[in-house]
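> First the structure, then my questions, so here it is.
The values are calculated or read from the model by the stated rules, or taken from the named source; none is laboratory data. Every value quoted in this text rests on a predicted model; they were computed, and no experiment measured them. A quick note on method: Cβ atoms are made from the backbone with ideal geometry, for glycine too, and the neighbour counts reach across all protein chains shown. In case anyone asks, the SASA skips ligands and DNA or RNA and just uses the protein heavy atoms, side chains included. Shrake-Rupley method; radii C 1.70, N 1.55, O 1.52, S 1.80 Å.
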Amino acid sequence: MAPVVRFLLIALQLVGPCGAAGAALPLVINTWAFRKATETAWRTLQLGGSELDAVEKGCGQCEVDQCDGSVGYGGSPDESGETTLDAMIMDGNTMEVGAVADLRHVKNAIGVARKVIEHTKHTLLVGESATLFAVRMGFPYEDLTTQRSLSIYSRWLNQSCQPNYWKNVVPDSSKSCGPYKRLEKVSFDEGTISQRNIHSHDTIGMVVIGKSGTVASGTSTNGGVHKIPGRVGDSPIAGAGSYADSTAGGAAATGDGDTMMRFLPSYQAVEYMRMGTDPTVACQKVISRIQKHVPEFFGAVICANTTGSYGAACNKIPGFTQFHFMVFSPLQSQPAEQVVDCI
């Protein structure tokens with residue numbers, strides 16, 4: 001009888017209340033099937049590192065690995081051919097945030113974001129000034145361009161700069177490259193949505209919860225491919241790209257940052273969990289909220305509360321019907337890739 005009871009207890013722990021996935025601490029959860037990032041974060045915890053250390057090292061692993069070409073150097077060139085990086089890290093105990101956006105010539109964006117917390121009274125540094133700060137902090141000044149990013153850029157130029165992010169300009173941005181000038185008469189046609197390769201995942205977002213329930217979160221990305229130089233998406237924005245609060249939980253988002261950042265999905269999900277909402281339901285609610293305004297958006301959210309229960313949700317569109325994410329907890333001997341059906 002004892003083995004049966006033990007099996008039932010494990011099953012209940014895995015399922016959790018209201019269908020929530022297993023509650024056990026510590027917990028590492030991150031967007032997409034970025035296994036090495038999960039392993040690195042978990043190993044950092046096991047070696048005595050803090051939750052913030054685990055987020056920095058985990059996301060930093062993706063920067064080194066150039067995960068899917070959408071994190072780190074050598075990917076997602078902007079429309080001038082340059083790769084720039086965005087990242088943030090958040091301490092759920094102190095509510096401190098460090099972030100960088102439009103970072104150039106420095107590969108370890110989340111490492112620089114951590115230094116913003118540790119060595120400044122600011123939250124977000126941007127552009128060439130963020131690069132200067134990074135160099136002062138001891139990060140090497142390097143070229144982020146690779147043969148791969150150059151070939152992506154060249155191919156785009158040869159396709160008349162399609163797709164791009166311009167509208168209401170001359171010459172017609174749907175048919176030719178710029179430079180563009182504004183149209184005197186502005187159209188508000190919603191039908192001209194840029195093509196987007198939904199398989200080009202654009203962010204690693206990670207939430208780490210320690211044994212005592214301490215929460216940290218972070219993101220790193222090289223942003224939208226062929227973006228207009230200077231563009232900043234959701235990833236380095238607290239409450240949009242990720243959010244952590246050790247009294248409630250943590251969340252991180254991935255997808256179309258220009259749309260998602262308007263709704264602060266990570267902050268909203270954490271607030272739902274604060275009210276006792278199951279993490280899966282919290283994720284679903286923030287996706288549904290965006291759907292009401294932008295039905296065809298590409299995006300997903302991961303959520304975890306301070307007990308170690310977690311969940312995820314995504315918006316169902318053609319070509320994107322399931323979302324893959326990684327989880328590591330004491331209930332597993334190795335990181336597990338999990339899948340959720342989009343809603």
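> Can you confirm whether the stretch 15-22 contains a residue that is of a type in the set (A, V, I, L, M), open to solvent by less than 50 Å² (accessible area, probe 1.4 Å) and modelled with pLDDT of 95 or more?
no
So that you can scan it fast, the table gives a plain yes or no per residue for (1) part of a strand (DSSP E or B); (2) out of contact with any Asp or Glu (no Cβ under 7 Å at 6 or more places or on another chain); (3) charged (D, E, K, R); (4) buried (at least 22 other Cβ atoms within 10 Å of the Cβ):
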position	(1), (2), (3), (4)
253	yes, no, no, yes
266	no, yes, no, yes
283	no, yes, no, yes
301	yes, yes, no, yes
304	yes, yes, no, yes
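> Quick one: what pairs do we get from the stretch 168-187, first residue within 20 Å of residue 81 (Cα to Cα) and of a type in the set (Lys, Arg), second open to solvent by 70 Å² or more (accessible area, probe 1.4 Å) and part of a loop (DSSP other than H, G, I, E, B), C-beta under 7 Å, 6+ apart or different chains?
From the stretch 168-187, no pairs qualify.
> Being part of a helix (DSSP H, G or I) and open to solvent by 10 Å² or more (accessible area, probe 1.4 Å) is the filter here; which residues of the stretch 61-74 pass it?
To start, the set of residues in the stretch 61-74 that are part of a helix (DSSP H, G or I) comprises 61-65, 67-69.
Within the stretch 61-74, 61, 64, 65, 67, 68, 69 meet the criteria.
> Checking the conditions here, which among 112, 106, 116, 100 is in contact with a strand residue (DSSP E or B) (Cβ under 8 Å, 6 or more places away or on another chain), assigned to a loop (DSSP other than H, G, I, E, B) and either open to solvent by less than 10 Å² (accessible area, probe 1.4 Å) or among the hydrophobic types (A, V, I, L, M, F, W, C) (or both)?
Working: 112 fails: assigned to a loop (DSSP other than H, G, I, E, B); 116 fails: assigned to a loop (DSSP other than H, G, I, E, B); 100 fails: assigned to a loop (DSSP other than H, G, I, E, B).
Among 112, 106, 116, 100, only 106 is in contact with a strand residue (DSSP E or B) (Cβ under 8 Å, 6 or more places away or on another chain), assigned to a loop (DSSP other than H, G, I, E, B) and either open to solvent by less than 10 Å² (accessible area, probe 1.4 Å) or among the hydrophobic types (A, V, I, L, M, F, W, C) (or both).
> Checking residue 128 against (1) at pLDDT below 95; (2) open to solvent by 60 Å² or more (accessible area, probe 1.4 Å), which single condition isn't satisfied?
(1)
To keep it simple, each residue is scored yes or no on (1) under 30 Å from residue 227 (Cα atoms); (2) open to solvent by 10 Å² or more (accessible area, probe 1.4 Å).
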site: 269; (1), (2): yes, no
site: 279; (1), (2): no, no
site: 291; (1), (2): yes, yes
site: 296; (1), (2): yes, yes
site: 313; (1), (2): yes, no
site: 318; (1), (2): yes, yes
site: 322; (1), (2): yes, yes
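> Right, here's the next one. Might you let me know whether the stretch 125-139 holds any residue that is hydrophobic (A, V, I, L, M, F, W, C) and touching a Cys at 6+ places or on another chain (Cβ under 7 Å)? Let's see the steps before the verdict.
To start, the set of residues in the stretch 125-139 that are hydrophobic (A, V, I, L, M, F, W, C) comprises 125-126, 130, 132-135, 137, 139.
Imposing the further condition that a residue be touching a Cys at 6+ places or on another chain (Cβ under 7 Å) reduces the set to none.
No, there is no match, as no residue in the stretch 125-139 is hydrophobic (A, V, I, L, M, F, W, C) and touching a Cys at 6+ places or on another chain (Cβ under 7 Å).
> Let me ask something else. Mind checking which residues of the stretch 324-339 are surrounded by fewer than 24 Cβ atoms within 10 Å (Cβ to Cβ), among the aliphatic types (A, V, I, L, M) and touching a residue at least 40 places away in the same chain (Cβ under 8 Å)? Show your work before the answer.
Initially, the stretch 324-339 is screened for residues surrounded by fewer than 24 Cβ atoms within 10 Å (Cβ to Cβ), giving 324, 327, 329-339.
This time we only want the ones that are among the aliphatic types (A, V, I, L, M), so: 327, 331, 336, 339.
Result: 327, 331.
> Tally time: how many residues in the stretch 185-220 are touching a strand residue (DSSP E or B) at 6+ places or on another chain (Cβ under 9 Å), modelled with pLDDT under 95 and not hydroxyl-bearing (Ser, Thr, Tyr)?
Matching residues across the stretch 185-220 total 4.
> Going by the structure shown, is residue 99 in contact with a Cys (Cβ under 9 Å, 6 or more places away or on another chain), of a type in the set (Gly, Ala, Ser) and in contact (Cβ under 8 Å) with a residue 60 or more places away in the chain? Full working, then the answer.
Numbers: in contact with a Cys (Cβ under 9 Å, 6 or more places away or on another chain): no; of a type in the set (Gly, Ala, Ser): yes; in contact (Cβ under 8 Å) with a residue 60 or more places away in the chain: yes.
In short, no.
> Every residue in the stretch 306-330 that is in contact with a helix residue (DSSP H, G or I) (Cβ under 7 Å, 6 or more places away or on another chain), under 13 Å from residue 29 (Cα atoms) and in a loop (DSSP other than H, G, I, E, B), please.
First pass over the stretch 306-330, keeping only residues in contact with a helix residue (DSSP H, G or I) (Cβ under 7 Å, 6 or more places away or on another chain): 309-315, 326, 328.
Imposing the further condition that a residue be under 13 Å from residue 29 (Cα atoms) reduces the set to 309-312, 326, 328.
Listed by number, the list holds a single entry, 309.
> Would you mind telling me which numbered condition in (1) more than 22 Å from residue 65 (Cα to Cα); (2) within 11 Å of the chain's Cα centre (by Cα); (3) open to solvent by less than 10 Å² (accessible area, probe 1.4 Å) residue 233 fails?
The number of the failed condition is (1).
> How many residues are surrounded by 19 or more Cβ atoms within 10 Å (Cβ to Cβ) and farther than 26 Å from residue 95 by Cα if we restrict to the stretch 131-151? Reasoning before the result, please.
Of the stretch 131-151, the ones surrounded by 19 or more Cβ atoms within 10 Å (Cβ to Cβ) are 131, 133-134, 139, 144, 149.
Among the residues that remain, those that are also farther than 26 Å from residue 95 by Cα are: 144, 149.
Total meeting the criteria: 2.
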